[in-house]
Amino acid sequence: MTIIHIDNRPYPAKDGENLLQECLSLGFNLPYFCWHPALGSVGACRQCAVKQFKNEEDKQGKIVMACMTAAKDGVRISIDDPEAHEFRASVAEWLMVNHPHDCPVCDEGGECHLQDMTVMNGHVYRRFHGRKRTFHNQDLGPLVNHEMNRCIQCYRCTRFYRDYTGGRDFDALMLRDQVYFGRHQDGVLESEFSGNLVEICPTGVFTDKTLKRHYTRKWDLQTAPSVCVHCGLGCNTIPGERYGMLRRIHNRFNGAVNGYFLCDRGRYGYEFVNSERRIRQPVLRKAKTEPLQLATKQDALQHLGEILSSGARSIGIGSPRASIEANFALRTLVGRDQFYFGISERDSRLLASVLDILRKGPARAPSLYEVELADAVLVLGEDVTNTAPRLALALRQAVRREPQKMAEKMGIPLWNDNAVRDATQQERGPLFVATVTDTRLDDIATRTFHGPPADLARLGFAVAHAVDSNAPPVVGLSSAAQALADVIAEKLRAAERPLIISGMGCGDKAIVEAAANVAWALCSTGHAAELCFVVPECNSLGGSMLGGYSLNSALEAMDSGAVDTLIVLENDLYRRADAAMVDRLLAAARRVVVIDHIEHAASAKADVVLPAATFAEADGTLVNNEGRAQRFFQVFVPTGNIPGSDIPGDIQESWRWLRDIMAAAGRGDEAPWSSLDDVTAACAAAIHRLEPILRAAPSASFRMDGQKIPREPHRYSGRTAMHANVNIQEPEQPDDPDSPLSFSMEGYPGHPPPSLIPRFWAPGWNSVQALNKFQDEVGGPLSGGDPGERLIEPTPAKKTAYFENVPAGFAPRLEEWLLLPLHHIFGSEELSALAPGIAELSTEPYLALNPDDAVDLRLAEGDDAQLLFGPELMEISPGFPEEIPRAYWLPVRLKPELQRGTAGLPVGLPSPGSLGGIGLPAFGKIRRARKENRIEEGRHE
């Protein structure tokens, strides 16, 4: 065991780690600025100075930087040495020379690392009275605010932005004795992870611009542990609320999932909770000819109770964005055989395939932390940056693993960031990206391959065959593709931790099966391969584990006449299928009930609409892409018909609406649920494979020293004044039967279990750096283990049963184009697109074409093209109407990476007419637009 001596006392340490990290892990308060657990050491700020001694007899010692000094056995240092303390204080004083005296008006005030470290150093008086250095602040877009005068030149921002995320439009710009951290000119930050600058920066240079619009001091935010709902990765978050309005999202560390960072969609997509499109009161119509009218909760439930108790035959359509508990409650109401998961037939088949592969195959689904440890990666068919952004950031760390082995051989510790980067230069580990068009990961890829889904799948099958000759061969593969497959196979075989990534982004089952073949081939030849599938929504995998049929099956059930009432749970069906099909589905039902929190096209056609709680107003369980069940907790109780009002509203959790409907129909004994724990337990009992969700977080009865965990920090202010316009007495705090958290500042003051941590704070540590106090080893898992419970583990196979259905190569059609789905981090996801900041960054709908195809069509960049769909051009679902072909007008974008004969359409963007619901890939016709026959955008021709 390595022993280091700190102020003459021995302590165990991790051999070779830097002294700063070891001191912090041991609980010492040692100031720092430039160091970060995820970024390593550079020794730029000189703030972590300690006195190092040669031996026990050495009384002189020397000043060293703890972050740049290795913890070796027998090392002796002093943190409290007067000279070291004076050195650190002088560093703080010089850093404050040009720092403005604006703490009371700074957005960072109250959780500022600079404030904490200045106090820790004992610097309380400014002796400098000269003019301060000032800078011009830049407009960096709708998400991040810039105040350069607060900068202390720690270089954290550029190290994160350029070195960690690969951004290139932001840098340290220098002139004489001045250094400026920003862009070459005003403009939107291009990185998908720019919002992390808000937490990376130890001062107020970079702050949350969305919070600035409805600013609240950090100690006045009510918070709770939560999970991001904007993709399938399940990143952990800390939402903050004040006055009934969600104000911001902060990262919640989970070492196995998102670590220290979030993508910008996850950080800034929260404002849909405050959207004007929120459903806040029940509405109903008692006859199809009547308009929707506001109703009370009692009236709505009585109306539904009368319908269901009269023998109405119902089916339920669930949702991949609703919790396990909400979907299960709907399944309980309508019955297992009448439960439909609410996704298209294509997506249903893909999800079923993904789930079956993960359950029955030998390859393990890795966590994001394990993705970062991979030393050879194949991405097959998935534009990871746009469908699962945090996974893309993990891959940027993975390509450093192989070069880092060179640094280790040279004796350079991996925490010495500059030295490692100097040693490895631009070397990167093997990363192969095979997608339909270019991606943001192409700049770090060893090789890229672009082609239509069939050709991507064939490449994957060829790689599998090259790894294991027992895997099916690919007939007719081009020599270039075969050579690439051989190179990929060689690199994967040579790796210690090979990783295959694929997903549902291309909408092609053959790609999913090809990825499985590659991973299984590696496993069958003795390699510890991992297989990561990207799923589109926050509970896609969890909902699939509940069972249920597709929307196409729901339409068949409605057409049969066996059903007259349709109950839709948190699902805009017009995003799932073609509008004509959804129209037919809704028209076939005598009554349509929608339970959701956002108005959409489907809710507008409902007969009853019930206001559901969002993730910030409810508790529940979500299952991410690796099969990890994670609990999210209610942040605040929604009140009133507008955000921030004090009048009680009717918004409640979806599962409570469904329970109340059963009670109103005289079936309350089927759902005797008084709390979320009751629903979770019933779900676990009914579906054995979901039993581990009971361990995702402590039950509502959990207490620490007989107390709940407070959602409000101990500095929370204004509890009486907040409601003084209604009542001068402090209102009674709401009860929470669903969790061990309280809507109060009273409660257990210590560290709760990891899944219940509502914020990171410790005495003297008000910033996000307080996280260090919640880890046994800084940079490692949370004390007590990272949150979440895995539901899926691989099954060892004696003999690998490979998928045999190798598709034929892509064959272009005459005057037809295969339309491929193109995903966008901003705009493609339904809920985040309602946040103003995200909406500002979202692209407009377009049609992507290969430049040579555009020339043949006499189209140029920006020209309008006419896109036609017809029954003979696309995969037709049951019940697809005859009123087609239909025409849409879209501006053209040129993409050289698209293969001739293919075109690209953005997924999920607001689109003309009903284009957004058509399943892709699909064939369509493209024509050059003519002014004389152009119709109003969005109408059918």
(request) Could you check how much of the accessible area of the chain is carbon and sulfur, as a whole percent, using a 1.4 Å probe? (result) 50 percent
(request) Output the peptides 483-495, 503-515, 447-459 sorted from most to least packed, where packing is the average of other Cβ atoms within 10 Å over each peptide's residues. (result) 503-515, 447-459, 483-495
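Under 8 Å for C-alpha pairs, at least 6 residues apart: give me the relative contact order for segment 573-680, rounded to a whole percent.
The normalised contact order for segment 573-680 reaches 17 percent.
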(message) Could you report segment 1-47's accessible area per residue, 1.4 Å probe, as an integer in Å²?
(response) 36 Å²
(request) Would you calculate a helix-derived [θ] at 222 nm for the chain, using -39,500 (n - 2.57) for each DSSP H run of n ≥ 4 and dividing by the full residue count, to the nearest 500? (result) -7000 deg cm²/dmol
(request) Please give the helix 479-494 orientation as an angle from the longest Cα principal axis of the chain, in degrees from 0 to 90, rounded to the nearest 10. (result) 50 degrees
(message) Quick check: the distance between the Cα centres of segment 741-762 and segment 209-229, to the nearest angstrom?
(response) 16 Å
(message) Run the reach check for Lys798 against lysines, Cα to Cα strictly under 29 Å, same-chain hits fewer than 8 apart removed. What comes back?
(response) Lys360, Lys491, Lys509
(request) Starting from the Cα of Lys218, draw a straight line to each of the lysines and keep only those under 18 Å, dropping any in the same chain fewer than 8 residues away. (result) Lys209
(request) Send over the semi-axes of segment 250-357's equivalent ellipsoid, whole angstrom and largest first, taken as the square roots of 5 times the C-alpha gyration tensor eigenvalues. (result) 34, 23, 13
(message) Can you give me the angle between helix 654-664 and the longest principal axis of the chain, using Cα atoms only, in degrees from 0 to 90, rounded to the nearest 10?
(response) 50 degrees
(request) Run the quick spin-label model on Asp486 and Ala685: label points 7 Å from Cα toward the beta carbon, then report their separation in nm to one decimal. (result) 6.2 nm
(message) For the chain, take the longest principal axis of its alpha carbons; what is the angle in degrees between that and the long axis of helix 676-686, to the nearest 10 within 0 to 90?
(response) 60 degrees
(message) Between segment 271-348 and segment 5-25, what is the separation of their alpha carbon centroids in Å?
(response) 58 Å
(request) Report relative contact order for the chain in percent, whole number only (criteria: Cα-Cα under 8 Å, sequence separation at least 6). (result) 14 percent
(request) Determine, for each peptide in 269-275, 369-375, 239-245, the mean count of other beta carbons within 10 angstrom over its residues, then list the peptides with the highest first. (result) 269-275, 239-245, 369-375
(request) Give a quick list of trypsin sites (Lys or Arg not before Pro) in segment 761-851 that DSSP marks as loop, anything other than H, G, I, E or B, with at most 14 other Cβ atoms within 10 Å. (result) Lys798, Lys799
(request) Only one of the values (i) 189; (ii) 180; (iii) 221 was calculated from this structure for volume of the Cα convex hull per residue in Å³; name its label. (result) (i)
(message) How much of the DSSP bridge set in the chain is antiparallel, in percent, rounded to the nearest 5?
(response) 55 percent
(message) Which aspartates and glutamates, if any, have their Cα less than 19 Å from the Cα of Lys799, not counting same-chain residues under 8 positions apart?
(response) Asp356, Asp468, Glu513, Glu530
(request) Take the Cα coordinates of segment 1-100, assign each an equal point scatterer, and use the Debye formula without solvent to give log10 I(q)/I(0) at q = 0.13, 0.15, 0.16 Å⁻¹. (result) -0.43, -0.57, -0.64
(request) Using a 1.4 angstrom probe, figure out how much accessible area segment 430-517 has per residue, in square angstrom, rounded to the nearest whole. (result) 32 Å²
(message) Between Gln426 and Arg703, how high is the FRET efficiency from 1/(1 + (r/R0)^6) when r is the Cβ-Cβ distance and R₀ = 51 Å? Nearest 0.05.
(response) 0.40
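Counting other C-beta atoms within 10 Å, and keeping those with at most 14, which DSSP coil GluC sites (Glu not before Pro) do you find in segment 748-852?
Passing both the DSSP loop test and the Cβ count: Glu804, Glu815.
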(message) Quick check for you: with a 1.4 Å probe and neighbouring chains kept, what is the accessible area per residue of segment 315-400, in Å²?
(response) 21 Å²
(message) Compute, for the chain, the length of the dipole vector about the Cα centre, with Cβ point charges of +1 (Lys, Arg) and -1 (Asp, Glu) only. Units Debye, rounded to 20.
(response) 1020 debye
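The values are calculated or read from the model by the stated rules, or taken from the named source; none is laboratory data. Quick caveat, the model's predicted, so the values are computed rather than measured. Note that each Cβ is placed from the backbone with ideal geometry, even for glycine, and that neighbours are counted across all protein chains shown. Surface accessibility is based on the protein's heavy atoms, side chains included, excluding ligands, DNA and RNA. Shrake-Rupley method; radii C 1.70, N 1.55, O 1.52, S 1.80 Å.
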